[in-house]
Amino acid sequence: MEAFLFWFCGILMFLGGLMTVTQRNAVVSAVWLIFAFVAAAGIFALLSAPFLAIMQILVYAGAIMVLFLFVIMMLQGPVMEDERRSPNKVWLVFAALPAAAILVTIISWIRSDGARSLGPAVAEGFGTAEAVSRLLLGRYLLAFELISIVLLVGIIGALALGKGERKLPWK
Amino acid sequence: MEITLTHYLVLAAAIFLTGMVGFIVRRNALVMLMCVELMLSSVNIVFAAFSRVHGNEGGHVFVLMNFAVAAAEAAIGLALLVEIYRRRRTIDVDDLKALME
């Protein structure tokens, strides 16, 4: 059962990524990316991380992709790549060959270590919201506070950029 | 067949490289941003897998940090794209080479 779920979610996520890259229409790309992120939530659930699975769907498949689709809606015209130009075959070769080489290297490197099992079943309550938040607000409290500053800077930056030519309220 | 740590690592590597190829090949800046999100997401799988192997939730905390970084990156990147589109009427990266000339 675990093997079936892994292959199902893994193939769905890889397919979603592949279609995101190959589809010409940005809206279709975005919808395939949502598929990939929902499949990633399934992978998190398999790795006994239920809290991460929920957050993956809420934050990635929900918030971030809604942001992408809104921007596609605002830009309307240029979401289709220019069809008159020939597709970028040269770059495809330059990108795909090193990528294939890197993938083969990584796979042989990982396999030379021997297949490592996931180890014994985890304890009750592993990866739940309670267990993760104990760490988040305990041992990693400084990182938690710093990441909130990153988000604050992101909000202010997006606001300042999105205002365009109009005057900002604090100027 | 037992699913091992290796399976998860190879899956993450394959998805990361898919995103990398997409970032290099695509010319639409929106899709390039989506490819960056895909690469960030594949790294999260590695964090969660090692967290599971060591039986320690520390990796989950880093995945949550990664979520926040990805959200900030998407917000800033998309705001930049909208601003570029307002000024240049295009988001095709082949047309955005003012700094190159």
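Ordering A:Val27, A:Cys9, B:Val61 by Cα displacement along the dipole of the protein assembly as shown toward the positive end leaves A:Val27 in first place; charges were set at the Cβ atoms of Lys, Arg (+1) and Asp, Glu (-1).
Computing FRET efficiency as 1/(1 + (r/R0)^6) for A:Ile149 and B:Glu83, where r is the C-beta to C-beta distance and R0 is 25 Å, gives about 0.60.
Counting only other chain Cβ atoms within 10 Å of each residue's Cβ, the peptide A:54-64 averages 4. For the protein assembly as shown, the solvent-accessible area works out to 52 Å² per residue, with a probe of 1.4 Å and every protein chain left in place. Taking a point 7 angstrom from the Cα of A:Ile102 along the C-beta vector, which residues in the stretch B:40-63 have backbone N less than 17 Å away? Flagged as within label range: B:40-47.
Here the Karplus curve 6.51 cos²θ - 1.76 cosθ + 1.60, taken at θ = phi - 60°, turns the phi angles of the stretch B:50-57 into couplings of 5, 4, 5, 5, 7, x, 9, 7 Hz, with x standing for Gly and Pro. Take the Cα of A:Ala63, step 7 Å toward its Cβ, do the same at A:Ala129, and the gap between the two points is 1.5 nm.
For the chain pair A and B, the buried solvent-accessible surface (1.4 Å probe, both sides summed) amounts to about 7100 Å². Across chain A, the mean sequence separation of Cα contacts (distance under 8 Å, 6 or more residues apart), normalised by length, yields a relative contact order of 18 percent. Across the accessible surface of chain B, with the other protein chains kept in place and a 1.4 Å probe, carbon and sulfur atoms take up 67 percent.
Relative contact order, whole percent, for the stretch B:30-101 stands at 30, derived from Cα pairs under 8 Å and 6 or more residues apart. Close amide H partners of A:Asn25, meaning residues 5 or more places away or on another chain with modelled amide H under 5 Å apart, do not exist here. Shielding by partners for peptide B:86-98, expressed as the average number of C-beta atoms from other protein chains within 10 Å of each residue's C-beta, is 2. For the peptide A:99-108, the mean number of other protein chain Cβ atoms found within 10 angstrom of a residue's Cβ is 4.
The accessible-area ordering, largest first, of the residues B:Met100, A:Met13, A:Met55 stands as B:Met100, A:Met55, A:Met13, per a 1.4 angstrom probe. Expressed as a whole percent, the accessible surface of the stretch A:1-159 that belongs to carbon and sulfur atoms is 75, based on a 1.4 Å probe.
What is the Cα centroid distance between the stretch B:39-93 and the stretch A:111-141, reported in whole angstrom? Measuring centre to centre over Cα atoms gives 21 Å.
Average 1/r across all pairs of distinct alpha carbons in chain B, invert it, and you get the Kirkwood radius: 15.4 Å.
Spin-label pair A:Lys163-A:Val90: with each label point 7 Å from Cα along the Cα-Cβ axis, the two points sit 4.3 nm from one another. Sorted largest first by accessible area at a 1.4 angstrom probe radius, with every protein chain in place, the residues A:Trp7, A:Trp32, A:Trp109 fall in the order A:Trp109, A:Trp7, A:Trp32.
The local environment of A:Phe51, defined by Cβ-Cβ distances under 11 Å, has a net charge of -2 under the rule Lys, Arg +1 and Asp, Glu -1. Computed from label points 7 Å out along Cα-Cβ, the spacing between A:Asn25 and A:Leu137 is 4.6 nm.
The local environment of B:His7, defined by Cβ-Cβ distances under 13 Å, has a net charge of +1 under the rule Lys, Arg +1 and Asp, Glu -1.
Residue by residue, the stretch A:124-133 carries 3J(HN,Hα) couplings of 4, x, 6, x, 7, 4, 5, 5, 5, 6 Hz when phi is fed to the Karplus relation 6.51 cos²θ - 1.76 cosθ + 1.60 (θ = phi - 60°); x denotes Gly or Pro. Result for chain A in a Gaussian network model with C-alpha springs under 10 Å: among A:Arg24, A:Arg134, A:Arg111, the largest mean-square fluctuation is at A:Arg111. The Kirkwood radius of the protein assembly as shown, taken over pairs of alpha-carbon atoms, gives through the Stokes-Einstein law at 4 °C and 1.567 mPa s a diffusion coefficient of 65 µm² s⁻¹. Taken over the C-alpha atoms, the stretch A:85-145 has Rg and Dmax values of 21.3, 57 angstrom.
The values are calculated or read from the model by the stated rules, or taken from the named source; none is laboratory data. Computed from a prediction, not measured in an experiment: that's the story for all the values here. Please note: Cβ atoms are built from the backbone with ideal geometry, for glycine as well, and neighbour counts cover all protein chains shown. Ligands, DNA and RNA are excluded from the accessible area calculation, which covers all protein heavy atoms including side chains. Shrake-Rupley method; radii C 1.70, N 1.55, O 1.52, S 1.80 Å.
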